[in-house]
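Notes follow once the structure below has been shown.
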Amino acid sequence: MAFAISTVAKGVTLYASSNDFAMKAAREVHHGMARAGDVPASGPVIVKGVYTIDVSNISTDVLGGHADYVERKELLNDIALILRNGQHPPPLRMPIPETMRRKELFYWRYPN
């Protein structure tokens, strides 16, 4: 599904968190299979054509991480830059996240 979206959109950013209880529940329901937006121990789900940002280290939502985007200035600023300027990939609009690599795909992560 995420790849299908990336074929019609001009840049797709997915924020993922290991602190998101909704994602953990979805993984359990789907017999351990990680879902887009989830960050299991192996790292976030990454798909070609989708800019995935692991926000686990800045997650503060006591209800489980699903509302981090409205609680963190860093995420609101990033979303504003995407909407205002359409800047992709993430390093062009924000220097904070680390670039991570898994095989031939990349994702970004806020450091500890």
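The values are calculated or read from the model by the stated rules, or taken from the named source; none is laboratory data. From a predicted model like this one, the values you see are computed outputs, not experimental measurements. As a convention, Cβ positions derive from the backbone with ideal geometry for all residues, glycine included, and neighbour counts pool all protein chains shown.
Summary table below
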item: Search result, residues across the range 12-30 that are of a type in the set (D, E, K, R) and either at positive phi or without any contact (Cβ under 8 Å) to a residue 12 or more places away in the chain (or both); result: GLU28
item: Subset of the range 34-43 (residues that are out of contact with any Lys or Arg (no Cβ under 7 Å at 6 or more places or on another chain) and buried (at least 17 other Cβ atoms within 10 Å of the Cβ)); result: ALA36, GLY37, VAL39
item: Residue in the range 85-98 that is modelled with the highest pLDDT, counting only those that are surrounded by 11 or more Cβ atoms within 10 Å (Cβ to Cβ) and farther than 17 Å from GLY37 by Cα; result: GLU98
item: Unmet criterion (only one of (1) buried (at least 16 other Cβ atoms within 10 Å of the Cβ); (2) at pLDDT 80 or above; (3) not in a loop (DSSP other than H, G, I, E, B)) for ILE46; result: (3)
item: Answer residue from the range 54-84, given it is among the β-branched types (Val, Ile, Thr) and at pLDDT 80 or above and is farthest from the chain's Cα centre (by Cα) among those; result: ILE82
